[in-house]
Amino acid sequence: MADCANLTKPISKDPVREMRFAMNLSLAIGVVMLVGKVTAYLLTHSTAIFSDAAESTVHVIAVAFAAFSLRLSMKPARAQFLYGFERITFFSAGFEGAMIIVAALAILFEAIRKWMGAIQLENIGAGTLLIVAAGLTNAGLGYYLVRVGKQTHSIILEADGKHVLTDCWTSLGVLGGLLLVLLTRWKPLDPLVGIIIALNILWSGSKLVWRSAMGLMDYSSPEDGRIILAKLDAICSELGVQYHGLRFRATGYRHIVELHLLFPQATTVGDAHRLATVVEERLPADLGWSAEVITHLESLEDHADVHRDVRHAAANDLKSTATLNPR
């Protein structure tokens, strides 16, 4: 419970700087881990260690792309990109997931090839020590990245952190397999562990790709929806304002919230605008998230009738157009 509570506390007065630091740290450590695992593979010729090194290779490529995506997502909107570049975060997470899947398939191919051929293992002790060091390092890095990703609502960092933790579990699996080989002297355990690790990596990559696709399709998290509704109800109750037509979506590390505010017809435009501005500023502050709130002002007494009349008029326009322009 204490760890979960800590995830909600701010870690930096400058979240952008914190995200960039975390991503650069991930890339630097990823390169070091890759060198260590490739060295371990060259020492041992272990299929299990090869699987770990292959995932680390993919991880370095994916983190490099994620670092680029993070910088691009933070650039301000332009004339051709009026909503900014934040949605590349979902593409980045999907790219990382796809790279994980490619690594898993490569590991499966190598493990099956080793199993069907002659299995040669050397210097298992030295290779095991390198894998232990890599696993412990990745455990700490992965926890840190997930923590920063949750606090800053950055899907890029969270996806990277989960990939690093997957790498940690992979290292633990490799370690277990090597220990079993040392104890039993049965070499086929090595490619068997590699196959099991590959299947686990494949599952992890598939989940990342699915999450990326959901984000690109503007999936609205029910948990986020409950939080937004609770905060919005409290604010509107305090201000004496009603609302409907709530919609929201996440762009990667920011939420966009849209809603219609209902005011009595006697309310002046100035007063309605003032209250709407209060809602737009209060909601992100109460949520504690980076969010943009967009409101639309409507008359309380006849908003349903106006919507119905507009829909009816639009339908008639479509019928008239179809009559004038038959196919």
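Here are some notes:
- Considering residues of region 51-69 that are at pLDDT 80 or above, under 17 Å from THR137 (Cβ atoms) and open to solvent by less than 50 Å² (accessible area, probe 1.4 Å) only, the residue farthest from the chain's Cα centre (by Cα): VAL60
- Test: residue in region 164-174 that is under 19 Å from PHE65 (Cα atoms), of a type in the set (D, E, K, R) and open to solvent by less than 10 Å² (accessible area, probe 1.4 Å): yes
- Residue count, region 131-168 (criterion: farther than 22 Å from VAL38 by Cβ, small (Gly, Ala, Ser) and at pLDDT 80 or above): 2
- Within region 193-219, the only residue that satisfies the criterion of being at pLDDT below 75 and not β-branched (Val, Ile, Thr) is GLY194.
- Only listed residue being open to solvent by 50 Å² or more (accessible area, probe 1.4 Å) and at pLDDT 90 or above, chosen from GLU301, GLU281: GLU281
- If you go through region 66-86 and keep only what is touching a Ser or Thr at 6+ places or on another chain (Cβ under 6 Å) and of a type outside the set (Gly, Ala, Ser), you end up with PHE85, GLU86.
- Within region 252-276, the set of residues being assigned to a helix (DSSP H, G or I) and either crowded, with 19+ Cβ neighbours inside 10 Å or among the hydrophobic types (A, V, I, L, M, F, W, C) (or both) comprises VAL269, ALA272, LEU275, ALA276.
- When the test is whether a residue is open to solvent by less than 20 Å² (accessible area, probe 1.4 Å) and modelled with pLDDT of 90 or more, VAL181 does not pass it.
- Odd one out for ASN200 among (1) open to solvent by 30 Å² or more (accessible area, probe 1.4 Å); (2) more than 30 Å from LEU27 (Cβ to Cβ): (2)
- Of all the residues in region 255-277, those that are under 23 Å from PRO15 (Cα atoms) and touching a helix residue (DSSP H, G or I) at 6+ places or on another chain (Cβ under 9 Å) number 2.
- Single residue of region 214-236 satisfying the filter (part of a loop (DSSP other than H, G, I, E, B) and among the small types (Gly, Ala, Ser)) that is most open to solvent (accessible area, probe 1.4 Å): SER220
- Filter result for the condition that a residue is more than 25 Å from TRP203 (Cα to Cα) and either open to solvent by less than 20 Å² (accessible area, probe 1.4 Å) or at pLDDT below 80 (or both), over ALA48, ALA104, ALA5: ALA5
The values are calculated or read from the model by the stated rules, or taken from the named source; none is laboratory data. All figures in this text were calculated on a predicted structure; none of them were measured in a lab. Neighbour counts run over all protein chains shown; Cβ positions are idealised from the backbone, glycine included. Heavy atoms of the whole protein, side chains included, go into the accessibility calculation; ligands, DNA and RNA do not. Shrake-Rupley method; radii C 1.70, N 1.55, O 1.52, S 1.80 Å.
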